[in-house]
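This report concerns only the one structure given below.
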Amino acid sequence: MKILRSEMDYISWMFEEYFRVSDTTVSPLMSEQDIQEALEELHPESFPCIGFLVSSTEGGISDVNYISREMVSDWATALNIR
C-alpha cells in the first residue's frame, strides 16, 4: 500500500510492486509497448490516491486497486474524524 501523489509516484510504484523490476533491470517477459499499455490501463483516476495490490488466485498476478481522496474523506466523515 502506498500513497501516490503524482504520475512519477505511480510509475515508480508500478515498476517496483506490480512489474517487480528495479531501475537497473528490464522485464524480459514484457515489451516496452506491453508495459506502456498496462500503465495506461491500470492508471488511477486521479492523484493523490492510495494504491494497493491484491493477490489474485490466477497465476500470481495481482489486481491493482486504488482508494481515492474522496473515499478517504467519506470514511473520515463516517468515523467522525476531523
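Rounded to a whole number, what % of the accessible area of region 35-82 do carbon and sulfur atoms account for, probe 1.4 Å?
51 percent
Could you give the size of the charge dipole of the chain about its Cα centre, using +1 on the Cβ of each K and R and -1 on the Cβ of each D and E, expressed in debye and rounded to the nearest 20?
The dipole of the chain has a size of about 500 debye.
Quick one: which residues, 5 or more positions from L4 or on another chain, have an amide H under 5 Å from its amide H? H modelled 1.01 Å from N in the peptide plane, none for Pro or chain starts.
C49, I50, G51
For the charge dipole of the chain, defined by +1 on Lys and Arg C-beta atoms and -1 on Asp and Glu C-beta atoms about the Cα centroid, which residue among I81, L4, F19 has the Cα displaced farthest towards the positive pole?
Of the candidates, I81 comes out farthest on the positive side.
Keeping all protein chains in position, work out how much accessible area M30 exposes to a 1.4 Å probe, and write it in Å² to the nearest 10.
60 Å²
Per DSSP helix of 4 or more residues, -39500 (n - 2.57); summed, then divided by the residues of the chain. What does that give at 222 nm, rounded to the nearest 500?
-9500 deg cm²/dmol
For the chain, build the charge dipole from Cβ charges (+1 Lys, Arg; -1 Asp, Glu) around the Cα centre, then report which of T57, S68, P44 sits farthest towards its positive end.
Value computed over the given set: S68.
The values are calculated or read from the model by the stated rules, or taken from the named source; none is laboratory data. These figures come from a predicted structure and were not determined experimentally. In this analysis, Cβ positions are derived from the backbone assuming ideal geometry, glycine residues included, and neighbour counts consider all displayed protein chains. These accessible areas exclude ligands, DNA and RNA; they are computed on the full protein's heavy atoms, side chains included. Shrake-Rupley method; radii C 1.70, N 1.55, O 1.52, S 1.80 Å.
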